[in-house]
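K.L.:
Structure incoming, see below.
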Amino acid sequence: MTEMLKKNRRLSETLREMGRVMVAFSGGVDSAVVLKRAQQELGDDNVLAVVVNSELFRDSEFDAAVKFAEEMGVRVHQTEIKELENPNIVANTPDSWYYSKKLLYSHLNKLAEEMGYPYVLDGMIMDDEEDFRPGLKARTEEGIRSVLQETNFYKTEVRALAKELNLPVWNKLASCSLASRFPYGTKLNKRIVEQVNQGELYLKGIGFEEVRVRYHDNVARIEVAADKIIELLEKREQIQHKFVSLGFDYVSVDLRGYRTGSMNEVLPEVSASAEQKLAANA
């Protein structure tokens, strides 16, 4: 028996023990595997997909997640949280990730209690333990079950299982809160969040699927896959024109290319301090 088969069997056992679950569904590969496996083990009547919208996620991603869950045949509940009404999130410090997840998970728990679901599941995986993830503390505090972590799944295994389950998102790129585009200490507001959002949507529309627009006041720092940088430079005039129209004065290209979490790279001491602070407040 392969290791992944063993993990998948443990996942089956874990889900069956729960009986009835609510799944925080983003439409990404991790939560899609959780939702599909819960559906397989517990049946449509015992599974609810909850899709949460926020000012820090794109409406298009929310709509796609709702459609995807509906196509899977499970019941879907649409809801919303107001992250930019929370001063701890607006402050955009390393701690803000904790408050963001705390807001999400407490909202889901309230829904679960109202709707009669004893368990709320998320899509966190083992890889999430290796990054700066203050959200893990919020997850533990709120009693959310990360069944893929509990059964020791890593991203490569999740993608392989998703492909085996014929989930169309098996190779989907990871998405993240738009807050990740801003340096820590830059206070968030709807205007600058939408400024970055529109910049990324434009770049995606002209062929750059892997892209981040990092906000540095009047400067946009663009990250694309390393092998796409030359193509980006070939389109520099139209990109410059578009980004100026969005309110940026200058546009730069990150020569290291696209990578997730690049805003954390320059702040190891701040990140470590934040982790210590979170642990002290546990």
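Values in this text are rule-based calculations from the coordinates and carry no lab data. Small disclaimer: the values here were computed from a predicted structure and weren't measured. Positions of Cβ are generated from backbone atoms using ideal geometry, with glycine treated the same way; all protein chains shown enter the neighbour counts.
K.L.:
In whole Hz, what ³J(HN,Hα) sequence does the range 73-89 give by Karplus (6.51, -1.76, 1.60; θ = phi - 60°), x for Gly and Pro?
P.N.:
Couplings: x, 9, 6, 10, 10, 9, 8, 8, 10, 10, 5, 7, 9, 9, x, 6, 7 Hz.
K.L.:
Can you work out ³J(HN,Hα) from phi for every residue in the range 221-229, in order, using Karplus 6.51 cos²θ - 1.76 cosθ + 1.60 and θ = phi - 60°, giving whole Hz and x for Gly and Pro?
P.N.:
So the Karplus estimates, Gly and Pro as x, are 9, 9, 10, 10, 3, 3, 7, 10, 5 Hz.
K.L.:
Taking H as built 1.01 Å from N, whose amide H comes closer than 5 Å to the amide H of Asn92, not counting residues under 5 places away?
P.N.:
Leu188
K.L.:
Using 0.36 nm per residue of separation minus the Cα-Cα distance, give me the extension gain between Ser60 and Glu85 in nm, one decimal. Don't skip to the end; give the middle numbers.
P.N.:
Values: separation 25, 0.36 × 25 = 9.00 nm, distance 2.15 nm.
Stretched fully, the Ser60-Glu85 segment lengthens by 6.8 nm.
K.L.:
On a straight-distance basis, which lysines could pair with Lys187 in a cross-link, Cα separation under 29 angstrom, same-chain partners fewer than 8 positions away excluded?
P.N.:
Lys187 reaches Lys82, Lys101, Lys102, Lys110, Lys137, Lys204, Lys242, Lys277.
K.L.:
With θ taken as phi - 60° and the coefficients 6.51, -1.76 and 1.60, list the Karplus ³J(HN,Hα) couplings across the range 179-196 in order, rounded to whole Hz; mark glycine and proline as x.
P.N.:
4, 5, 8, 10, x, 4, x, 7, 5, 8, 8, 4, 5, 6, 4, 5, 4, 5
K.L.:
Moving to a separate point now. What stretch of the chain, leaving out the sites themselves, is the longest with no GluC sites (Glu not before Pro) in a DSSP loop having at most 13 other Cβ atoms within 10 Å?
P.N.:
Values: sites that count: Glu209, Glu265.
Segment 1-208 is the longest.
K.L.:
Amide H of Val23: which non-local residues (sequence gap of 5 or more, or other chain) have their own amide H closer than 5 Å, using H built in the peptide plane?
P.N.:
So Val23 has HN proximity to Leu48, Ala49, Val50, Leu121.
K.L.:
Compare Gly28, Gly116, Gly143 in a GNM of the chain, Cα atoms joined below 10 Å, and give the one with the largest fluctuation.
P.N.:
Top of the fluctuation ranking is Gly116.
K.L.:
If you don't mind, there's one more thing I want to ask. Given axes a ≥ b ≥ c from the Cα gyration tensor, I'd like to know whether the range 84-238 is rounded (a/c under 1.5), prolate (a/b larger than b/c) or oblate. If you can, show how the numbers build up before the last one.
P.N.:
Working: a/c = 2.30, a/b = 1.34, b/c = 1.71.
Since a/c reaches 1.5 but b/c is at least a/b, the shape of the range 84-238 is classed as oblate.
K.L.:
Mind listing the long-range amide H neighbours of Val253? Cut-off is under 5 Å, sequence gap 5 or more, other chains count too, H placed in the peptide plane at 1.01 Å from N.
P.N.:
Ile222
K.L.:
Rounded to the nearest 5, what is the percent of antiparallel bridges among the DSSP beta bridges in the chain?
P.N.:
Numbers: 6 of 24 bridges.
So the antiparallel bridges amount to about 25 percent of the total.
K.L.:
Same structure again: Run the reach check for Lys6 against lysines, Cα to Cα strictly under 21 Å, same-chain hits fewer than 8 apart removed. What comes back?
P.N.:
Once the sequence-local lysines are set aside, what remains near Lys6 is Lys36, Lys155, Lys163.
K.L.:
Can you give the helix-only mean residue ellipticity at 222 nm for the chain, where every DSSP H stretch with n ≥ 4 adds -39500 (n - 2.57) and the sum goes over all residues, rounded to the nearest 500 deg cm²/dmol?
P.N.:
Numbers: 12 runs with 135 residues, N = 282.
Helices in the chain give a 222 nm mean residue ellipticity of -14500 deg cm²/dmol.
K.L.:
In addition: Would you look at the GNM of the chain, springs on alpha carbons closer than 10 Å, and say which of Pro134, Pro87, Pro183 moves the most?
P.N.:
Pro87
K.L.:
Give a quick list of trypsin sites (Lys or Arg not before Pro) in the range 63-100 that DSSP marks as loop, anything other than H, G, I, E or B, with at most 14 other Cβ atoms within 10 Å. Can you show the working numbers first?
P.N.:
On the way: sites: Lys67, Arg75, Lys82; in loops: Lys82.
When the trypsin sites (Lys or Arg not before Pro) of the range 63-100 are filtered for loop state and at most 14 Cβ neighbours within 10 Å, Lys82 remain.
K.L.:
Pick from Tyr119, Tyr258, Tyr250: which is most flexible by mean-square fluctuation in a GNM of the chain where alpha carbon atoms under 10 Å apart are linked?
P.N.:
Maximum fluctuation in the GNM of the chain, among the listed residues, is at Tyr250.
K.L.:
Now, a different point. Could you give the size of the charge dipole of the range 100-171 about its Cα centre, using +1 on the Cβ of each K and R and -1 on the Cβ of each D and E, expressed in debye and rounded to the nearest 20?
P.N.:
On the way: 10 positive and 13 negative charges, 33 e Å.
With Lys and Arg at +1 and Asp and Glu at -1, about 160 debye.
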